[in-house]
1. Mind checking which residues of region 127-156 are in contact with a helix residue (DSSP H, G or I) (Cβ under 6 Å, 6 or more places away or on another chain) and outside any loop (DSSP other than H, G, I, E, B)?
2. Residues to consider are G122, G186, G154; find the one that is under 30 Å from L201 (Cβ atoms) and at pLDDT below 90.
3. Taking only pairs six or more apart or across chains, which ones have beta-carbon atoms under 6 Å, a first residue in region 50-70 that is over 20 Å from T141 (Cβ atoms), and a second residue that is assigned to a loop (DSSP other than H, G, I, E, B) and among the polar types (S, T, N, Q)?
4. When you look at S244, is it loosely packed, with under 10 Cβ neighbours inside 10 Å, modelled with pLDDT under 60 and either of a type in the set (G, A, S) or closer than 25 Å to K54 by Cα (or both), yes or no?
5. Output the number of the condition that I101 fails; it satisfies all remaining conditions of (1) surrounded by 15 or more Cβ atoms within 10 Å (Cβ to Cβ); (2) modelled with pLDDT under 90.
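The values are calculated or read from the model by the stated rules, or taken from the named source; none is laboratory data. None of these values were measured; they are calculated from a predicted model. Here Cβ is always computed from backbone atoms with ideal geometry, including for glycine, and neighbour counts include all displayed protein chains.
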Amino acid sequence: MVTFQRFLNISTATEKLCRGMYAQLQRPLPIDQIKRDPDVGRDGSINWGPWNEKAAAIIRQAAIAGSLPIYFVPRRRREEAASTAAEKPNLVPAAALKLVIPSRQGLPDHPTRLIRPEASNGELSEWRWNLAGSKLLIETTAFENWYRAEKQKGKWPSQLKRLAPKPGRPRVADVWVSRILNLIDGKLWCARQPISHLKELLRQKPIVIALSEAPPSDDSLARIVDDIFEKTGDSRFFRLRRRSCRKTRQRLPLV
């Protein structure tokens with residue numbers, strides 16, 4: 001098996017970024033329950049799925065934007081499997097990375113589902129063939145430099161408490177979170193019900209926010225509920241998301 005000391009797997013880089021983004025935050029309920037198991041222990045390395053997906057999405061966006069170079073090792077043919085020659089990772093252009101269908105919001109270690117480009121674009125068609133079944137890697141030094149640059153922005157969830165509160169009116173999400181919590185605790189609404197029903201309940205007893213008493217839009221309320229689930233892991237805030245058949249057909253693997 002050929003190893004690359006100067007490179008990281010996509011999954012390894014995602015795990016490192018996730019640990020940095022959510023360091024010192026309270027564990028979500030499912031993770032805390034698992035770590036109470038004596039067979040797992042408090043020191044067991046387990047990541048919360050929504051946190052890991054957000055970190056994976058950030059790495060994918062940085063790679064497509066060109067700020068984080070991604071390399072690949074082509075898949076070996078069966079007749080070359082016994083060869084001991086070390087492959088040299090090659091740089092993947094950002095346009096070719098767009099062909100890789102995300103896996104849990106991020107780039108997979110071994111892409112197998114790729115978008116079929118137009119027949120007239122021979123270069124992307126060749127890249128699609130090269131990336132299928134390959135191994136994606138990130139250079140360690142480049143990742144560490146990018147990691148430090150992202151951390152210096154101070155926008156990670158683990159850094160928000162260090163920021164001084166901004167003057168002015170409070171954020172809409174912060175004002176309505178307690179009201180949503182009361183509705184769920186009182187079993188008047190749950191995340192399996194439509195967001196429109198939640199909006200109607202909030203409209204019955206509005207909270208005065210500056211000059212507006214109307215609840216946020218459906219999309220804003222959905223983001224608030226999703227954010228609560230991401231932070232706490234409370235299953236009462238988990239919304240089922242359905243995809244239309246048309247969208248599903250467009251995302252089928254085309255390799």
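1. Here is the first cut: in region 127-156, the residues in contact with a helix residue (DSSP H, G or I) (Cβ under 6 Å, 6 or more places away or on another chain) are 127, 136, 138, 143, 156.
Once the filter is applied, which keeps residues that are in contact with a helix residue (DSSP H, G or I) (Cβ under 6 Å, 6 or more places away or on another chain) and outside any loop (DSSP other than H, G, I, E, B), region 127-156 yields W127, L136, I138, F143.
2. Numbers: G122 fails: under 30 Å from L201 (Cβ atoms); G154 fails: under 30 Å from L201 (Cβ atoms).
Going through G122, G186, G154 in turn, the sole match is G186.
3. E53/Q105; A56/Q105; A57/Q105
4. Here the answer is yes, as S244 does meet what is asked.
5. Result: I101 fails condition (2) only.
Residues are listed down the side, and each one gets a yes or a no for (1) surrounded by 14 or more Cβ atoms within 10 Å (Cβ to Cβ); (2) outside any loop (DSSP other than H, G, I, E, B); (3) among the hydroxyl-bearing types (S, T, Y); (4) at pLDDT below 80:
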residue	(1), (2), (3), (4)
K199	yes, yes, no, no
P215	yes, no, no, yes
D227	yes, yes, no, no
E230	yes, yes, no, no
R239	yes, no, no, no
